[in-house]
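For reference, the structure is listed below as structure tokens.
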Amino acid sequence: MDTKKTIALIGCGRISFKHIEAFVKNAERMKLVAVCDPRLDRAQAKSAEYLKALPKAGVPKAYTDYRDMLAELKPDIVTIATESGYHPRIAIDCLKAGAHVICEKPMALSTRDADAMNEAALKAGKKLAVCFQNRFNAPVRKLRAAHEAGRFGRMLHGMVQVRWNRNEGYYAEAPWRGTWELDGGTLMNQCTHGIDLLQWMMGEDAVRVQAQTRRFLRPIEAEDFGCAIVEFKSGAVGIIEGTADVYPTNLNETLSLFGEKGSVVIGGLAVNKIETWRFADAAAVGDTEDKVLNPDEKDPPTVYGFGHEALFRDFVDAIEQNREPLVSGERGKKALEIILAIYKSQKTGLPVDLPCDFSTLEMKGEFDK
């Protein structure tokens, strides 16, 4: 008897190859049965990509309408990799149809839509996860273990820097990018992973945000640069810096954490390389900086890294163990809410207390004044 979870992919654009890669690497746990995209040729290309990697797995059926797929195949799991603005409607439809859902980041573009997704998952009795795959990076896992062991002592402040380049060709390739209706700007698209990591390590309890954003160079509606100060319930402070304007190519994504008894910096192209590792108890636990740092460690081939495989595996474990996935819908909302608070702070010119109710649609025309 085949105990593999049947899985379907909705959205066959830029990020979908990482989903295919994760399906293939988790082939002992899951089987791709369908791919969906409004463009049939793109869906068929993903079906062929999967079949090439797993010739004996069977051909995933290609659809242009995910609702037909849900009615005909009733997959156990659906992964959503469409334009961000479509995530809520599709996720809720899938949950109502009886599927567990893994949704690409950001899960939604408004706090109300995120709440609706989480409510739909609860009502359906199904799991909902958000693709914050960088939580599964090896250095991040090591950092999290140190954090949970209390090695930092009191957390004082942290910072995330996302210094990347997204040129005009990137936005021309898909006109929905950089729009308030379907995407948001650099903070919502490129920086959301780093913001998730920062708030996760700082206590997941942000209480106030003050920010400035700009549209410096890119031909989009939304911001291509943003910076913010985030206050957490403990009194700790987080600093966010994100840009798509770095010349000429991607530079780094770095997470820095500073506690009473520890300092850690994870950098590289996409939070993939330990650059600083200093703890008061380092000698006692045999975890000194000279043993941890690896100056020859290479960056991943893309900023997406290697975390999708582990995130999808954790999701299947969560289903089988009837627990929440590491990045549940409720946890996935936290980074979204910080970004929406940043936008609201830009719009109002004031600090914004959390929780807040906001949507990217409220930013329309912000940089056209």
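The values are calculated or read from the model by the stated rules, or taken from the named source; none is laboratory data. The shown structure was predicted, so the numbers you read here are calculated from the model rather than taken from an experiment. Because the Cβ atoms are built from the backbone with ideal geometry, glycine has one as well, and the counts that use them run over all protein chains shown.
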Legend entry - Residues satisfying the stated conditions in the stretch 215-231, i.e. in contact with a helix residue (DSSP H, G or I) (Cβ under 8 Å, 6 or more places away or on another chain) and either touching a residue at least 40 places away in the same chain (Cβ under 8 Å) or part of a loop (DSSP other than H, G, I, E, B) (or both): Arg215, Arg218, Pro219, Ile220, Glu221, Ala222, Glu223, Asp224, Gly226, Ala228, Val230
Legend entry - Filter pass, Glu253 being in contact with a helix residue (DSSP H, G or I) (Cβ under 9 Å, 6 or more places away or on another chain), among the charged types (D, E, K, R) and part of a loop (DSSP other than H, G, I, E, B): no
Legend entry - Which numbered condition Ala174 misses (of (1) hydrophobic (A, V, I, L, M, F, W, C); (2) out of contact with any Ser or Thr (no Cβ under 9 Å at 6 or more places or on another chain); (3) surrounded by 22 or more Cβ atoms within 10 Å (Cβ to Cβ)): (3)
Legend entry - Conditions (1) part of a helix (DSSP H, G or I); (2) touching a residue at least 12 places away in the same chain (Cβ under 8 Å); (3) more than 17 Å from the chain's Cα centre (by Cα): number failed by Trp180: (1)
Legend entry - Qualifying position, being at pLDDT below 95 and surrounded by 14 or more Cβ atoms within 10 Å (Cβ to Cβ), among Ala57, Ala62: Ala57
Inset, instruction - Could you list all residues from the stretch 233-245 that are assigned to a strand (DSSP E or B) and surrounded by 21 or more Cβ atoms within 10 Å (Cβ to Cβ)? - result: Gly238, Ile240, Gly242, Thr243
Legend entry - Flag if Glu168 is more than 22 Å from Leu336 (Cα to Cα), modelled with pLDDT under 95, surrounded by fewer than 24 Cβ atoms within 10 Å (Cβ to Cβ) and not assigned by TED's automatic domain parsing to the domain that holds Val78: yes
Inset, instruction - Find the helices (runs of 4 or more DSSP H) located wholly in the stretch 285-351 whose residues include 2 or more that are in the same structural domain as Leu128 (by TED's automatic domain parsing), out of contact with any Pro (no Cβ under 7 Å at 6 or more places or on another chain) and free of Cβ contacts under 8 Å to residues at least 12 places away in the same chain, and list them. - result: 307-321
Inset, instruction - Go through the stretch 53-81 and count every residue that is outside any loop (DSSP other than H, G, I, E, B) and of a type in the set (A, V, I, L, M). - result: 9
Inset, instruction - Report yes if some residue within the stretch 30-52 is among the aliphatic types (A, V, I, L, M) and part of a loop (DSSP other than H, G, I, E, B); otherwise report no. - result: no
Inset, instruction - Could you tell me which numbered condition Met155 fails, if it satisfies all but one of (1) more than 19 Å from the chain's Cα centre (by Cα); (2) surrounded by fewer than 19 Cβ atoms within 10 Å (Cβ to Cβ); (3) assigned by TED's automatic domain parsing to the domain that holds Ser263? - result: (2)
Inset, instruction - Would you mention how many residues in the stretch 7-29 are part of a strand (DSSP E or B) and under 16 Å from Asp68 (Cβ atoms)? - result: 3
Legend entry - Residue count for the stretch 263-292, restricted to those that are farther than 23 Å from Arg154 by Cβ and exposed (fewer than 14 other Cβ atoms within 10 Å of the Cβ): 3
